[in-house]
Amino acid sequence: MKHIFILFILVITITSLGPMPSPASAAQSEDAPFFFSTMTHMEGGHFDDRDQQMFLRHVNLLRHGIELADEYAAKLTIESEQPFARANTIWGINMMQEIVDRGHGVGTHCDFGFRDSLMSVEEYAAYFTENKQLVDDLVGAENNRGCSGSGSVNDYVLAAAMSGFDYI
């Protein structure tokens, strides 16, 4: 099975829809500032924690994405599900900390809850806590404040808050 890594970038122009400035002139342009917003999910369906080559491909793609974002003074947020978070420790490359060190954001991806049956908020919060702890161990809780994913019949907002997330 071929795995595809996709980076979505939302570009919003403030004053015009003119051509994108070159990297050199982007910082100097006052006519058309751009805001780049991303939340890239390192999904749970990949096997980075079992396949070192897959993990290294993802690391290289993330580094390339960061370099591209840096050229345009953009900031990325990379959110990790369990396989990628575990792979950082297993393969000895803390890519999540590297992302923070390079001035970008990290968070937790919570790829669960969509088909779960009704459960207490405390039970559901345990899922969030498990994912959050993996990323906290890599970058510290102060750098892992947000979570994406996890729509559910359960109260995912309260469960995420109980687990220490500031936003979802």
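The values are calculated or read from the model by the stated rules, or taken from the named source; none is laboratory data. The shown structure was predicted, so the numbers you read here are calculated from the model rather than taken from an experiment. Cβ atoms come from the backbone with ideal geometry, glycine included; neighbour counts cover every protein chain shown. Surface accessibility is based on the protein's heavy atoms, side chains included, excluding ligands, DNA and RNA. Shrake-Rupley method; radii C 1.70, N 1.55, O 1.52, S 1.80 Å.
So the values come out like this:
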| read-out | value |
| --- | --- |
| Test for S80: is it under 22 Å from T38 (Cα atoms) and at pLDDT 95 or above | yes |
| Residue match in region 141-151 (condition: surrounded by fewer than 23 Cβ atoms within 10 Å (Cβ to Cβ) and in a loop (DSSP other than H, G, I, E, B)) | yes |
| Per-region count, region 67-97, residues free of Cβ contacts under 8 Å to residues at least 24 places away in the same chain and among the charged types (D, E, K, R) | 1 |
| Pick from region 35-51, criterion open to solvent by less than 50 Å² (accessible area, probe 1.4 Å) and either under 18 Å from G103 (Cβ atoms) or touching a Phe, Trp or Tyr at 6+ places or on another chain (Cβ under 6 Å) (or both), ranking: modelled with the lowest pLDDT | F36 |
| Region 90-140 - residue that is part of a helix (DSSP H, G or I) and of a type in the set (D, E) and, of those, surrounded by the most Cβ atoms within 10 Å (Cβ to Cβ) | E98 |
